[in-house]
Amino acid sequence: MRYDLLDLRLFLHVVAEGSITAGARRMHLSLPSASSRVRALEHHAGVPLLIRGRRGVRPTPAGSALARHAREVLAHTARMESAVAGYASTGTVVLRLLAGSSATHRLVPAALAGFLAEHPDMDVIATERRSAQTVELLAAGQADLGVVLDDVARGAGLSAEPIGDDSLVVAGQAGGLLAGREAMTFREAAEHPLIGLDAEVPLQRAIEDNLGPHAPAARYRAVAATIGTVVTLAAAGVGLAVLPRRAVEDDRRLDVCDLQDPWATRSLSLCQGVTDRGVSPAADALTEHLRRAARQN
């Protein structure tokens, strides 16, 4: 049996995202093309690989086995390509950095601005991923560094360094609904119109996962793709928003109060990937810039 590497990458994205549509987007494929590739993969395997439902897809036992081995195949392939490419290298070092929505909003841009200015011979591929996906890719040697939630880092068995608080708060227009409030629960916030992130954004998925099946019926007046857009809409009085404190604490257009739910208390850790080249001087340099940005942002 032969498997196409593109199909394996697509299948891993579909499993990670829980959606063929989202997996297709990650691979820059059309939905019909991605669906056709997944069906062909199932036909080739001779067994169903996905359970399809109204809210997405999840792997069958055979699909989970395929995903586990596909990660190993792709990791070995990446190492092979890196080893061969080294003979034709121009001298430029390429680092792979993964981070969630919160870190991607301020921390990562601030770190990269200084790092790339100081190191013109180094390039960085920065990608937004959920913490659970990030630690999997780090463990598989498919990334050099990752900024992840502290509780995920502790359970991953990777080298991890705490770099700061990432707790969530409720933000709204200054002088509006939150005036004089110091804290509230998500259930209280959901009594008012909300602004949220797109369902595929890691931060929004983390919030929804913590709310569970008994979450209050919230009305989202707007759904946006970036934290910056959500901040702008909240400041304009469109609704309340649940956001990382780091993203809003210095914004005078907003009133901010603590989110009292236990899952709102979070911290970030910086993890190193398990790569053939070990911890390189380039990764060390980027790590220092991430530490510096974490202290300043």
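The values are calculated or read from the model by the stated rules, or taken from the named source; none is laboratory data. Quick caveat, the model's predicted, so the values are computed rather than measured. We place every Cβ from the backbone using ideal geometry, glycine too, and count neighbours over all the protein chains shown.
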*Which numbered condition F11 misses (of (1) in contact with a Ser or Thr (Cβ under 8 Å, 6 or more places away or on another chain); (2) at pLDDT 90 or above; (3) not hydroxyl-bearing (S, T, Y))*: (1)
*Have a look at G146, G100 and point out the one that is modelled with pLDDT of 90 or more and touching a Pro at 6+ places or on another chain (Cβ under 6 Å).*
G100
*Please name all residue pairs, on different chains or six or more residues apart, with Cβ atoms under 8 Å, provided the first residue is in the range 169-194 and is at positive phi and the second residue is at pLDDT 95 or above.*
G175/D255
*Here are H28, H76: which of them is in a loop (DSSP other than H, G, I, E, B), under 22 Å from E136 (Cβ atoms), within 25 Å of the chain's Cα centre (by Cα) and not basic (K, R)?*
H28
*Matching option when the condition is of a type in the set (S, T, Y) and in contact (Cβ under 8 Å) with a residue 60 or more places away in the chain, among S101, S64*: S101
_Is it the case, given these coordinates, that A206 is of a type in the set (A, V, I, L, M) and either part of a loop (DSSP other than H, G, I, E, B) or farther than 23 Å from L149 by Cα (or both)?_
no
*Taking the options T21, T77, T60, name whichever one is at pLDDT below 90 and among the β-branched types (V, I, T).*
T77
*State which residue pairs qualify: first residue closer than 16 Å to L12 by Cβ and inside the range 110-139, second residue basic (K, R) and assigned to a helix (DSSP H, G or I) in any location, beta carbons under 8 Å apart, and separation of 6 or more residues or different chains.*
R130/R205; E136/R71
*Residues A24, A40: which one is outside the structural domain of T127 (by TED's automatic domain parsing) and surrounded by 18 or more Cβ atoms within 10 Å (Cβ to Cβ)?*
A24
*Any residue in the range 246-275 that's among the β-branched types (V, I, T): show its pairings with residues that are surrounded by fewer than 17 Cβ atoms within 10 Å (Cβ to Cβ) at Cβ separation under 8 Å, as long as the two are six or more apart or on different chains.*
V256/E249; T265/S167
